[in-house]
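I have placed the structure first, in the form of structure tokens, so that the comments after it can refer back to it.
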Amino acid sequence: MVRLPETAKEVVDLHRSHVFYSWAAQGTVNPITMDRARGVHFWDLDGKRYVDFASQLMNVNIGHQNAKVIAAIKAQADALVFAYPGMATRVKAALGQKLAEITPGDLSKAFFTLGGSEAIENAIKIAKLVTGRGKIVTRYRSYHGATMGAMTASGDPRRLAVEPGIPGVVRVLDPYYYRCPFNSTSPEDCGERAAQHLEEVIRFEGPENVAAVLMEGVTGSSGLIIPPANYWTRVREICDRYGIVLICDEVMSGFGRTGKWFGIDHYDVVPDIICMAKGLTSGYLPLGATVVRDWIARHFDDNTLWCGLTYSGHPMSCAAALACIDVYSDEDLIGNAQRMGQVQSEWLETLKRKHPSVGDVRSIGLFGVIECVKNRETREPMAPWNAKGSEMGVMADVAKSLREQGLYTFVRWNWIFCVPPLCINEEELAEGFGMIDHALSFADRGVV
Ligand SMILES: Cc1ncc(COP(=O)(O)O)c(C=O)c1O
């Protein structure tokens, strides 16, 4: 039997020799070890406790080690570990039905994947198959995944190293009001102009060549951009005008994160396809889904769906998702995301008043970010887009301080993400924001 490494040093050393980390020059990675977890906390192999303000990778929405989901996984393992995707199983049937119930409008049929990137890949394929068109319009401030198609669809700089990627991806500017590319003076104007810009680009590209518009419901890792109230409705109108499939990426903003099942639910818009993953199982097992509206589902009654994966609809993952969805409802986690989201947003406003380095704070439900600037007038970011190494400046000190204090989250360029599990309570939020308050004193040193 394989002997598991015991100490933190042994674990890290073995990783260094034999395991790659994501998105990093391997020599620069200084990992936290992880031993056990519960609720909003986890512990490293030396027994140090961390508050998890990133829900790991913005996916452990229900919190760590929920007993009901673990029991469901164990029961499914006893009943049936695997069935090939062509088999009909009880858990896959029930999950398809459940997703039709919680998604908006007539979104009704799911293709199951292993995660978010594959959900995006299959949405792109489906949009191309159903329209017979080739181009996909996405936004610059976006992340849709790491596989080649999803990576190309992303505006995130992680795409740059592997460009040109797949053909036919065209990107547009974002309705990012704090840094509005159209110099708007109201969120509505920013939303309207961003929509006009989208339509103009579509016309330049030839609407008859555009299969889909693909956007995050609420933008996550590219700066937590909450679309202005009018934006999504305008995007829906434009897609309808030109027969373009509207794909909403809810991989990060779905499953209660924003205080509703899906980010798009705040806008009363029904996209043609929703991509989901992360909170679908809260990471207890890997699963994603591409869920389509009736008219797309009907198209594939007579036309072949050219999509397939060995692990599509894996019974273990479907069982975990069903239990996880029950937990959202039974424990009122979406209601808690709304209530604690209010508390979080008060904390964010308090920190903004106190710290001159805080230029903007944004949050919806328990999906929040602090945007640090060198100067509130000029809004110069405390670290630039795609900052690396020493370009991080004082933001590196912020990250170091958070880790030392025992708060785990993402400090990406000039953003500090606040995305805790949805089961968090007021005391736990206070503990986390207390640590962020202290860390921001390092950012304040960068103010000019
Ligand atoms: C909005 C969004 N889409 C897609 C993905 C890709 O999902 P995965 O990493 O599960 O492939 C992510 C991952 O962070 C994401 O945030």
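Of all lysines in the structure, those lying under 17 Å Cα to Cα from K92, and not within fewer than 8 positions of it along the same chain, are K74, K109. In this Cβ point-charge picture (+1 for Lys and Arg, -1 for Asp and Glu), the chain has a dipole of about 700 debye about its Cα centre. Which residue fluctuates most in the GNM of the chain (Cα springs below 10 Å): T147, T409, T310? In this elastic network of the chain, the residue with the biggest mean-square fluctuation among T147, T409, T310 is T310. Only Lys, Arg, Asp and Glu carry charge here, each on its Cβ (+1 for the first two, -1 for the last two); on that basis segment 67-330 has a dipole of about 500 debye about its Cα centre.
Sorting 282-293, 433-444, 70-81 by average packing, meaning the other beta carbons within 10 Å per residue, from highest down gives 282-293, 433-444, 70-81.
Pairs of Cα atoms nearer than 8 Å and 6+ residues apart set the relative contact order; for the chain it is 20 percent. Evaluated at 20 °C with a viscosity of 1.002 mPa s, what Stokes-Einstein diffusion coefficient in µm²/s does the chain have when Rh comes from the Kirkwood expression over alpha-carbon pairs? So the translational diffusion coefficient is about 95 µm²/s. The alpha carbon convex hull volume per residue for segment 405-448 rounds to 78 Å³. Restricting the GluC sites (Glu not before Pro) of segment 332-424 to loop positions (DSSP other than H, G, I, E, B) with no more than 13 neighbouring Cβ atoms within 10 Å leaves E377. Considering only P104, P167, P356, the mean-square fluctuation computed in a Gaussian network model of the chain, springs between alpha carbons under 10 angstrom, is largest for P167. As a ratio to 2.2 N^0.38 Å, the alpha-carbon radius of gyration computed for segment 67-330 takes the value 0.99. With just the Cα atoms defining each centre, how far is segment 91-129 from segment 406-438? Give it in Å. So the separation of the two Cα centres works out to 31 Å. When the helices of the chain are scored as -39500 (n - 2.57) per DSSP H run of n ≥ 4 and the total is divided over every residue, the value at 222 nm lands at -12000 deg cm²/dmol. Structure remark: mean-square fluctuation, Gaussian network model of the chain, C-alpha springs under 10 Å; the largest value among S329, S222, S357 belongs to S329.
Here is the list for segment 360-398: trypsin sites (Lys or Arg not before Pro) lying in DSSP coil, each with at most 12 other C-beta atoms within 10 angstrom of its C-beta, are K388.
Unpaired cysteine residues in the chain (no second Cys Cβ under 4.7 Å): C239, C248, C275, C307, C318, C324, C372, C418, C423. Here the translational diffusion coefficient of segment 197-302 follows from Stokes-Einstein with Rh set to the Kirkwood radius across Cα pairs; for 25 °C and 0.890 mPa s it amounts to 167 µm²/s. With all projection directions averaged, the alpha carbon convex hull of segment 1-73 covers 6.6 nm². Once you reduce segment 70-90 and segment 136-192 to the center of their Cα atoms, the two points are 38 Å from each other.
Each value in this text was obtained by applying a stated rule to the coordinates, not by laboratory testing. Computed from a predicted model, the values in this text were never measured in an experiment. Here Cβ is always computed from backbone atoms with ideal geometry, including for glycine, and neighbour counts include all displayed protein chains.
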